[in-house]
Each structure stands twice: as C-alpha cells, then as structure tokens.
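For reference, the structure is listed below as structure tokens.
What follows is calculated from the coordinates using simple rules that are stated; it is not laboratory data. On a predicted model such as this, the values are computed, not experimentally measured, just so you know. As a convention, Cβ positions derive from the backbone with ideal geometry for all residues, glycine included, and neighbour counts pool all protein chains shown.
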Amino acid sequence: MFDWRWDFAFEILPRLLQATLNTLAAAGVGYGIAVVLGLVFALAQRTPSRIVTMVVRECVEFIRSTPLVLQIFFVFFVGPQFGIRLSPWVAGMIAIGLHYSAYLSEVYRGGLDSVPKGQWEACTALNLSTTKTYFRVIIPQALPPSLAGMGNYLVGIFKDTPMLSVIGVAELMQAANAIGGSTYRYLEPYTMVGIIFLAISLPAAGMIKLFEAWVRKKLGMN
Amino acid sequence: MSYWEFLAQNAPRYLDGTLVTIAQFFLSAMLAVLLALTAGLMKLSRNAAMRWTAGVYIEIFRGTSLLIQLYWIFFVLPLFGVTLDKFYAGFVAVGLNLGAYGAELVRGGIQSVPKGQWEAAYALSMSPAKRMYRIILPQALLNMLPPWGNLMIELLKATALVSLISVTDLMFEAKQINGSTFLSAQAFGTALIIYYVFARLIVTPFMRWLERVMARKLGRA
C-alpha cells in the first residue's frame, strides 16, 4: 500500500533543493519589504492627525484579517485589468510583503509603546527634531522588545511562501506540484517538501531565540 | 457593467461560497479547540510518552506550512489507504494545523494559573481531574482567550486554502467568478470584503463577548 522509492526521491532531490533557494529568496525579499513597510505603518499611526491614524489602523486590520492567498490573487490579477502587468514574482512579493508589514507594524507598535514617556520628554527638552527623536532615541530602544515578534514572523513568512505557488512562483511547493503532475507520484515530493520545511524552520526558530537572548544580554537587559 | 450589476449577478455564488466557508470555519474551529486542549494537557503530563507525542504533533504541524499539510492529507494519505473527501480533508487539515498553535496557548494558559490555586485544590483533596476541570482550566481559559481571538482570525483566513483542493468555499467562488467575468478587482475585492466583515463583525465581537462572560463567571468583571 505504501511504496516509498528512494531512487525517485534522490532523483528529485536536486530539483527540490534548487527550488528551496527560491523559497528562501522569496521569504527574504518579502520580509525585507515587510520590515520597512511595517515601520511606515507603525509610524503613520502616531501622527497628530486622528484621521490618518484611523485610516491606517483600519487598513492594517483589513490586511490582517483577510486571507493571504486571496490577497496574492488580488494583486496578481487586478494589475492587468488596469493595464499593469506584474510578473508572478513581483506580484507575490508585493502581496506577501504587504501582508506581513501589517503584522510587523503591530509588533513595532508594541515596541514603541514600551519606550518610557520620559524618553520623549527628554527629547523635547533637548530640542531634538522629530526625525532625530525617532531614529536616535526611540527606535533603538523600541527594537529589542520587538525582536521576538519580528523573529516569529520571519519564520512565519517562510512558512507562508508555499502560497505563492498559486500564481506560479517557482518555489518549493510549485516544484513539488510540477513533479507530482508529471510523474503521478505525490508521496515523495510532498513528504520531502514537508521535511525540508521542518529542517529549516525548527533550527531557525531555535536560532532566533538564541539571537534574542544575545541582544538582550548585549543591551544589559535582564 | 457597474459594480451593483456585478453584485446582483454573482450574489448567489458568493452566498454559496460564504456558507461553505462558514461550515469549514466551524468544523475546523471545533477540531482545533479539541486538539489544542488534548495536546496542551498532554504536553504538561507527567508521562514522558504523552509529552513526547504531543510535542511531535505540535512541532510537525507548526514547523511546516498548512498548504503542505493540506496537500499531504489530500494527495498522499490515500496512498496509505485513508481517503478523505475534499470537504473533510479541508477542515481536518486546517483544524490539525491551528490545533497545534492552540496547544501552545493552552499550555501557556495553564502554566499562568498561580501555584497557590493548585496547592489550594490539593489541600481540599480534590481529585486531579476535578482540580483541572473545576479550578485550573476555567482560570486558564480566561487567561488565554485574547490570543485565542487572534487564532480564530488566523483559522478563518486559513480556511481559504481549502479552495486549492477544490472545496467550493468563498475563495473558490471568487476564482470562478474572476474566470468567467474577467473583472478581477470586483471578483476578488468582494471576497476580501466578505472575509473582513466576517472577521471584524462576527468573529472578533464574539470572542470579546466570550471574554466578558468568562470574566463575569469567575467574578473578575
């Protein structure tokens, strides 16, 4: 009933490992977008204008509570309707980066809120500009408490990259689907994809924990 | 074609899809809660085999993607003689995946109950089952309800993936409508809004209400 073929497994391994590189690249690029855009979302919620805060807040909630796979389709298909053609890679990176930027903005928000009020007052007293206040005083202090959440979402984005296969981004899941489709053997490719994901995400989660402890120690916290 | 005409034409299909999504949501939520409680309690068991079993379940389902688990259950499990209909495969995969995340919440919630509560229950010579059921779990539940609210939103979003094994949920209908009308912004946009309304106006308020009810029952309102 169950015939695992090692020769077949070894035959497709190079192809899957090649695709793993694409998966890692997708996770990396998507995360890069999310880290920057998330900060924009977080800071936009701290402007004096209540309307801006409310609109950005609602956008973040919207992105967070709708499915990523639907957002990927949306970004990929809506462009051409208005004459903008996006390649699967570009559309995928925009969608996944945008999705995780909403999550990261919440992480940053928590971090920013954890900076004591006295720090703000001190900046005002020293007559620092808003930019200087944020980039030299507040953000460096907000970063360490945000690191745990940021690390979790790095692993999270990696685990969500298989969804990019729905628009044909050539990552791991897409490779497994293609192998399954051409050979009618699904046992080996899907099982191996699962093992590759475990082999990357479990050590990554452990390393992030170590890194976080290291940063806290370096900054003299705990 | 105006957006209203588009809606009028496709409303029945969106409605059908939404009903399937709601069914998937409830079934997978029930499975996830059940699994989370079981695995969370097993993780705290004194028996090493129990802890290990729960640990393997949690790490496997948290360490890989839902999409892989879904495809594995739907395409590979039949090779082992277990064939699940796509509708069942869909909510089973979502429930298994989110249950693993929930198990960690259950474990954390139980560990957050102060030690004095355990000792007091022990001093009153309650049986371990009664202590867990009457004293520890209700308090743990109150502590873990806010993260469960987030998890329920994640679960709702996760159900969209079942469309990839052709369960005719909201996501699936949106794809079909997009394929037949070529109005992508309307087709996918409408589905996005339905998911959002469901999450924001039904799931989140319900979880908040549950938090209030639990707090009142434990006299912490």
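Couple of notes before you dig in:
- Looking only at residues in the range A:53-64 that are of a type in the set (A, V, I, L, M, F, W, C) and under 20 Å from the mean Cα position of the chain (by Cα), the one that is farthest from the other protein chains (Cβ to nearest Cβ) is A:Val56.
- Of the residues B:Glu211, B:Glu154, B:Glu173, the single one that is acidic (Asp, Glu), within 11 Å of chain A (Cβ to nearest Cβ) and either surrounded by 14 or more Cβ atoms within 10 Å (Cβ to Cβ) or touching a residue at least 60 places away in the same chain (Cβ under 8 Å) (or both) is B:Glu154.
- Note on the range A:138-161: among residues that are under 16 Å from A:Gly110 (Cα atoms) and β-branched (Val, Ile, Thr), the one that is surrounded by the fewest Cβ atoms within 10 Å (Cβ to Cβ) is A:Ile139.
- Here is the figure for the range A:178-199: residues that are touching a Ser or Thr at 6+ places or on another chain (Cβ under 9 Å) and either facing chain B (nearest Cβ under 8 Å) or crowded, with 20+ Cβ neighbours inside 10 Å (or both) total 6.
- The helices (runs of 4 or more DSSP H) located wholly in the range A:124-222 that include 2 or more residues which are more than 29 Å from B:Phe61 (Cβ to Cβ) occupy A:139-160, A:187-218.
- Taken over the range A:65-109, the residue count meeting the criterion of being over 16 Å from A:Val36 (Cα atoms), of a type outside the set (A, V, I, L, M, F, W, C) and either more than 7 Å from chain B (Cβ to nearest Cβ) or crowded, with 22+ Cβ neighbours inside 10 Å (or both) is 11.
- Against the conditions (1) closer than 30 Å to A:Leu68 by Cα; (2) more than 14 Å from chain B (Cβ to nearest Cβ), A:Met173 satisfies every one except (2).
- Residue within the range A:33-52 that is under 23 Å from B:Leu156 (Cα atoms), out of contact with any Cys (no Cβ under 8 Å at 6 or more places or on another chain) and aliphatic (A, V, I, L, M) present: yes
- Scanning the range B:53-106 for residues that are over 21 Å from A:Lys159 (Cα atoms) and within 11 Å of another protein chain (Cβ to nearest Cβ) yields B:Leu77, B:Pro78, B:Leu79, B:Phe80, B:Gly81, B:Val82.
- Number of positions in the range A:1-23 that are within 14 Å of another protein chain (Cβ to nearest Cβ) and outside any loop (DSSP other than H, G, I, E, B): 6
- Count of the range B:176-194 residues which are facing chain A (nearest Cβ under 7 Å) and buried (at least 20 other Cβ atoms within 10 Å of the Cβ): 5
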